[in-house]
Amino acid sequence: MDPNLRTAPSIPSRADTIGIWAFMVAGVGIVAWAVVGAVLRIIDALSSRDVRVLGEFAGTPAEAPIGPGGIPVTVELDRAFLFTDELPGASLVALVLAEVTFALTVTAVVACLVLLSGSTLRGRVFSRRNTRLVGTAGTVGLLGAAAVPFFRNMAANGAFARISEREFDNVIMSVDLMPYVLGAFIVAIIATAFAVGERLQRDTEGLV
């Protein structure tokens, strides 16, 4: 087959191009938001007199002023922010790692999707490179979604231990696997679709 007879890439329409560029600009904004937010939270944790940590509670009863005239009513506490003047070293490191992991995860996922969008602008949707970008974005997103709560849970357990002087046992390490299973399934479907598209496009070009 004469390589000069290969079909030229199909360039997106003007409307599609504008939409893709808007997506890429939004991606840059998301990365900036994630990085700046993570840096501010790290600075606050390292410099503030009261460290603010989100803690998970396992059905702990609490009083809330939601009754008539503000009368306290017993409720079941699911999660709340904890304030402590100091975190154990390991918990503070975990809190920092949670924010760093969050920022890196968002940056990596958006970078892969922006590169994929750039390839689409050039008229190349299905390729081995794009299949790898989709797989990388999905894998990094799933790992980050699991790692960030894990590190934050470690920090919260340190706050619980500090506040209660280790008298309140609320260590929660259970993980709901369903969202991760569903996420992995979606990533696998998309990656498979790109791999099949790549093969079909290669076969089609080979017939020209």
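Sorting check: for 191-198, 67-74, 95-102, which peptide has the highest mean count of neighbouring beta carbons within 10 Å, and how do the rest follow?
Values: 191-198: 15.9, 67-74: 9.1, 95-102: 20.6.
Highest-to-lowest ranking by the protection proxy: 95-102, 191-198, 67-74.
Can you give me the long-range amide H partners of ALA80? Hydrogens built in the peptide plane at 1.01 Å from N, cutoff under 5 Å, separation of 5 or more residues or another chain.
For ALA80, the qualifying residues are GLY55, PHE57.
Express in Å², to the nearest 10, the accessible area of GLU76 obtained by rolling a 1.4 Å probe over the protein heavy atoms while all chains stay in place.
140 Å²
Can you list residues from other chains, or at least 5 along the same chain, whose modelled amide H is less than 5 Å from the amide H of GLU86?
So GLU86 has HN proximity to VAL51.
Grab the beta carbon distance between VAL39 and VAL93, set R0 = 22 Å, and tell me the FRET efficiency rounded to 0.05.
0.85
What three numbers, in Å, describe the spread of the alpha carbons of the range 1-141 along their principal axes, ordered from the longest?
Computed over the range 1-141, the largest-to-smallest principal extents equal 81, 41, 24 Å.
The values are calculated or read from the model by the stated rules, or taken from the named source; none is laboratory data. Note that the coordinates shown come from a computational prediction; the quantities given were computed from them, not determined experimentally. Note that each Cβ is placed from the backbone with ideal geometry, even for glycine, and that neighbours are counted across all protein chains shown. Heavy atoms of the whole protein, side chains included, go into the accessibility calculation; ligands, DNA and RNA do not. Shrake-Rupley method; radii C 1.70, N 1.55, O 1.52, S 1.80 Å.
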